[in-house]
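Undergrad: Here's a structure for you.
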Amino acid sequence: MSVIGIDLGTTNSLAAYWADGRVHFIPDENGNRMVPSAAVYLEGEGIVVGRKAKEHLLNGGEGAASFKRFMGTKKEYMLGGKAYTPMELSAMVLHKLKEQAERILPEIEEAVITVPAYFNDKQRSDTKKAAQIAGLKVERLINEPSAAALAYRMQYGSGDKSLLIFDFGGGTLDLSCVECFDNVIEITAVAGDNYLGGDDIDHLIAEYDCTRRGLDYGRLGPKEQAALLKQAEAAKCCLGGTTDDGLSLTEEQLFEICMPLFTKMKELFLHILEDAGLRVSDLDDLIMVGGSSRLPVVKRFLTELLGKEPVVLGDTDMVVALGAGIYTGIRRRDAEIRDILLTDVCPFTLGVETFRRQGEKKGYLLPMIERNSTLPASRRERLVTLYDYQTAVTVKIYQGEEYFARDNIYLGEVTAQVAPKKAGKEWIDVYFTYDINGILHVEIVNSKGEHNQILLANQTLGEAELERHKKEIEALMTPPLEQDKNRKLLERASAYYEQSTGARRERLGALIHWFVAGMNSGRLYRIRRAAEEMERQLALLEEADERREDLLFDGDLKWDLDLEDLGDDDGKDLGNSGN
Ligand code: AMP
């Protein structure tokens with residue numbers, strides 16, 4: 001049985017596979033690797049997908065393109081008098097890729113498909129359904145930036161790296177911070193702009209061209225605008241040259257034209273670094289991905305921003321597919337790459353409804369697993385009773401970013417019995433565990449140790465599969481601070497804290513605070529960094545003690561940066577929950 005990796009793109013899609021220690025791209029009958037993500041209906045031929053469909057659209061024909069933008073919605077596209085959803089159209093593209101692959105590989109059953117890191121549950125499950133329709137089994141979707149990071153690692157080796165994936169396509173800019181360490185690839189933050197892409201550059205060029213010819217772009221008719229945009233794109237792609245239609249641009253002019261977009265890019269760039277807790281100087285590399293990353297002015301702008309050149313991994317259009325191809329090798333457990341673990345990031349917040357006061361009608365959402373948390377993630381929170389002598393607590397589970405719980409998507413609920421006592425005197429522990437396959441496990445434990453649980457899967461799973469996932473989830477449920485090694489570190493640090501006085505005690509207090517926040521962050525990288533740094537600082541203190549020196553701390557305080565934005569992690573306000 002063969003496994004293929006698929007980059008199911010907005011503009012183009014590609015398939016690749018791993019064999020003989022490298023990735024092979026799968027070409028169509030004419031040797032083209034890219035299959036345009038487009039579908040049309042042609043008289044006598046029925047529905048046609050790919051290059052021919054794209055050509056038909058370029059010549060003014062009707063059909064569907066860029067439907068990935070509407071994945072997860074019920075939007076309909078009419079082809080030959082029949083309506084199709086983005087999911088069905090994606091299934092056609094996937095089917096075409098599968099057919100192409102079948103000419104080379106035996107028995108293709110399984111595919112690894114990449115999706116944007118910000119895709120929500122519905123978009124992900126529709127992607128999986130599309131694969132199912134196309135006759136492909138999808139064990140796992142992988143995030144596009146993780147795929148790009150994987151491609152980077154194959155070329156640059158497996159040392160610890162902080163990377164920024166800069167994916168600049170036709171309609172969007174997606175930024176992702178990725179940490180690579182040991183055999184783990186973890187997305188630590190995502191940011192993006194759905195209205196910042198190569199098409200916007202085309203618009204700016206068209207407006208610039210109008211201005212220099214004394215025209216008003218806004219007053220052109222739709223046909224003239226479309227023709228001018230086509231010229232603008234051609235001029236952009238062949239900088240310095242003159243297109244057939246006579247629109248020409250120098251690199252300098254384009255750099256100026258793009259300035260408003262660069263300003264937005266810089267804001268996003270600084271924003272994501274802040275989210276990831278990184279300084280520009282912490283970034284080891286920035287990797288350019290997507291069609292618009294081919295533009296020399298974009299590379300120039302990024303070089304100025306970074307103070308060094310960004311990385312270009314061959315063709316910027318193929319990096320994600322390259323990563324997907326490598327991942328098929330991981331799935332097949334090929335010796336050289338089988339141990340790499342891709343973590344995922346939760347693109348939305350998962351939480352429970354809680355109340356601050358008795359009688360409140362609308363509770364607020366207490367986030368249990370925050371947006372951008374690394375998966376797998378596990379979190380525990382203690383909630384106290386709201387009413388005197390209440391006998392049960394119902395925990396309602398929601399997904400979303402809204403303040404009031406009910407403004408979010410309701411996922412399910414669990415009820416637990418509690419001993420009737422005065423309000424606030426009885427409690428339950430709520431455990432949330434969200435695994436890499438998008439399965440949420442919620443368990444409540446009351447003060448008597450009685451358990452109630454619910455398993456929420458975004459796909460239908462068979463009994464056996466569910467059992468397997470349950471076992472894995474149980475293993476994840478031990479919070480980092482309760483794991484032996486980390487618990488011992490905290491004990492050692494606390495003992496030092498008790499012995500110390502003055503400035504040393506103060507610094508130790510801050511270090512402990514930072515360590516605990518790291519352990520509770522839900523981020524593998526941050527957890528590991530906290531443990532390593534604590535180990536290092538304690539070893540230094542112990543050495544200094546042996547030499548009877550009054551060491552404060554090592555000068556290179558890696559945790560100083562994070563201290564500024566520490567939330568009040570350990571002194572958390574306990575939410576009330578009641579019914
Ligand atoms: P993608 O969505 O990643 O396929 O990227 C599509 C975008 O890349 C479109 O806006 C194209 O105009 C742009 N693009 C493709 N080739 C080039 C090129 N050689 N130079 C500049 N932009 C390009």
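The values are calculated or read from the model by the stated rules, or taken from the named source; none is laboratory data. Being a predicted model, the structure only gives us computed values, none of them experimental. Counting neighbours? That spans all protein chains shown, and the Cβs are built from the backbone with ideal geometry, glycine included.
Undergrad: Is it the case, given these coordinates, that THR127 is crowded, with 23+ Cβ neighbours inside 10 Å and over 19 Å from VAL23 (Cα atoms)?
TA: yes
Undergrad: Quick check on this structure: which one of ASN437, ASN372 is surrounded by fewer than 22 Cβ atoms within 10 Å (Cβ to Cβ), part of a loop (DSSP other than H, G, I, E, B), touching a helix residue (DSSP H, G or I) at 6+ places or on another chain (Cβ under 8 Å) and at pLDDT below 90? If you could, list the steps in order and put the result at the bottom.
TA: On the way: ASN372 fails: surrounded by fewer than 22 Cβ atoms within 10 Å (Cβ to Cβ).
Of ASN437, ASN372, the one residue that is surrounded by fewer than 22 Cβ atoms within 10 Å (Cβ to Cβ), part of a loop (DSSP other than H, G, I, E, B), touching a helix residue (DSSP H, G or I) at 6+ places or on another chain (Cβ under 8 Å) and at pLDDT below 90 is ASN437.
Undergrad: Still on this structure, I have one more. Restricting attention to the range 70-80, does a residue exist that is within 24 Å of the chain's Cα centre (by Cα) and within 16 Å of the ligand (Cβ to nearest atom)?
TA: Yes, the range 70-80 contains at least one residue that is within 24 Å of the chain's Cα centre (by Cα) and within 16 Å of the ligand (Cβ to nearest atom).
Undergrad: Pairs only if they're at least six apart or on different chains, beta carbon under 8 angstrom, first in the range 500-513 and basic (Lys, Arg), second assigned to a helix (DSSP H, G or I); list them, first residue then second.
TA: Cβ pairs passing all conditions: ARG505/TYR497.
Undergrad: Quick one: in the range 1-25, which of the residues that are within 16 Å of the ligand (Cβ to nearest atom) and in a loop (DSSP other than H, G, I, E, B) is nearest to GLU107 (Cα to Cα)?
TA: Residue satisfying both the conditions and the ranking: GLY9.
Undergrad: Please go through the range 511-531 and pick out each residue that is at pLDDT 90 or above and either surrounded by fewer than 18 Cβ atoms within 10 Å (Cβ to Cβ) or aromatic (Phe, Trp, Tyr) (or both).
TA: Once the filter is applied, which keeps residues that are at pLDDT 90 or above and either surrounded by fewer than 18 Cβ atoms within 10 Å (Cβ to Cβ) or aromatic (Phe, Trp, Tyr) (or both), the range 511-531 yields HIS513, TRP514, PHE515.
Undergrad: Suppose the filter is more than 25 Å from SER146 (Cα to Cα), of a type in the set (S, T, N, Q) and either in contact with a strand residue (DSSP E or B) (Cβ under 9 Å, 6 or more places away or on another chain) or more than 15 Å from the ligand (Cβ to nearest atom) (or both); does ASN59 pass it?
TA: So ASN59 passes the test.
Undergrad: Looking only at the range 271-293, which residues are modelled with pLDDT under 95 and of a type outside the set (Gly, Ala, Ser)?
TA: Passing the criteria: HIS271, ILE272, LEU273, GLU274, ASP275, LEU278, ARG279, VAL280, ASP282.
Undergrad: Looking at the range 128-139, can you tell me whether even one residue there is among the β-branched types (Val, Ile, Thr), modelled with pLDDT under 90, more than 17 Å from the chain's Cα centre (by Cα) and more than 28 Å from LEU295 (Cα to Cα)?
TA: Here is the first cut: in the range 128-139, the residues among the β-branched types (Val, Ile, Thr) are 133, 138.
Within this subset, residues satisfying the condition of being modelled with pLDDT under 90 are 138.
This time we only want the ones that are more than 17 Å from the chain's Cα centre (by Cα), so: 138.
From the residues that got through so far, the ones that are more than 28 Å from LEU295 (Cα to Cα) too are 138.
Yes - at least one qualifying residue is present in the range 128-139.
Undergrad: Check off (1) among the hydroxyl-bearing types (Ser, Thr, Tyr); (2) in a strand (DSSP E or B); (3) within 16 Å of the ligand (Cβ to nearest atom) for SER90 and give me the number that stays unchecked.
TA: With (1) among the hydroxyl-bearing types (Ser, Thr, Tyr); (2) in a strand (DSSP E or B); (3) within 16 Å of the ligand (Cβ to nearest atom) applied to SER90, the lone miss is (2).
Undergrad: Which is assigned to a loop (DSSP other than H, G, I, E, B) and under 21 Å from THR349 (Cβ atoms), of LYS362, LYS448? Please lay out each step first, then the result.
TA: On the way: LYS448 fails: under 21 Å from THR349 (Cβ atoms).
Exactly one of LYS362, LYS448 is assigned to a loop (DSSP other than H, G, I, E, B) and under 21 Å from THR349 (Cβ atoms), namely LYS362.
Undergrad: Being among the polar types (S, T, N, Q) and within 16 Å of the ligand (Cβ to nearest atom) narrows it down to one residue among SER281, SER292; which is it?
TA: SER292
Undergrad: Taking the conditions exactly as written (of a type in the set (D, E, K, R), more than 23 Å from THR114 (Cα to Cα), without any contact (Cβ under 8 Å) to a residue 24 or more places away in the chain and surrounded by fewer than 21 Cβ atoms within 10 Å (Cβ to Cβ)), does GLU99 satisfy them or not?
TA: No.
Undergrad: Could you please give the count of residues in the range 162-192 that are touching a helix residue (DSSP H, G or I) at 6+ places or on another chain (Cβ under 9 Å) and away from the ligand (no atom under 14 Å from the Cβ)?
TA: 19
Undergrad: Right, another one. Identify, from the list VAL320, VAL297, the residue that is at pLDDT 95 or above, within 16 Å of the ligand (Cβ to nearest atom) and under 18 Å from MET34 (Cα atoms).
TA: VAL320
Undergrad: Kindly provide the set of residues from the range 27-68 that are in contact with a Gly (Cβ under 9 Å, 6 or more places away or on another chain) and exposed (fewer than 14 other Cβ atoms within 10 Å of the Cβ), ordered by number.
TA: Matches in the range 27-68: GLU43, GLY46.
Undergrad: Hey, another quick one. State yes or no: is LEU14 touching a residue at least 40 places away in the same chain (Cβ under 8 Å), within 23 Å of the chain's Cα centre (by Cα) and closer than 30 Å to CYS346 by Cβ?
TA: yes
Undergrad: Oh, and also: On the basis of being assigned to a helix (DSSP H, G or I), at pLDDT 95 or above and more than 16 Å from the ligand (Cβ to nearest atom), does GLU309 make the cut?
TA: Here the answer is no, as GLU309 does not meet what is asked.
Undergrad: Against the conditions (1) in contact with a helix residue (DSSP H, G or I) (Cβ under 8 Å, 6 or more places away or on another chain); (2) modelled with pLDDT under 90; (3) within 16 Å of the ligand (Cβ to nearest atom), where does LEU254 fall short? Just the number, please.
TA: (2)
Undergrad: Separate question: Which condition from (1) touching a Leu at 6+ places or on another chain (Cβ under 7 Å); (2) away from the ligand (no atom under 16 Å from the Cβ) is the one that ASP28 breaks?
TA: (1)
Undergrad: Considering the range 193-218 alone, what residues qualify as being within 12 Å of the ligand (Cβ to nearest atom) and in contact with an Asp or Glu (Cβ under 7 Å, 6 or more places away or on another chain)?
TA: Result: ASP202, single match.
Undergrad: Quick one: what pairs do we get from the range 278-296, first residue without any contact (Cβ under 8 Å) to a residue 60 or more places away in the chain and of a type in the set (A, V, I, L, M, F, W, C), second part of a loop (DSSP other than H, G, I, E, B) and more than 8 Å from the ligand (Cβ to nearest atom), C-beta under 9 Å, 6+ apart or different chains?
TA: Once the first residue is without any contact (Cβ under 8 Å) to a residue 60 or more places away in the chain and of a type in the set (A, V, I, L, M, F, W, C) and sits in the range 278-296, its partners that are part of a loop (DSSP other than H, G, I, E, B) and more than 8 Å from the ligand (Cβ to nearest atom) give VAL280/GLY307.
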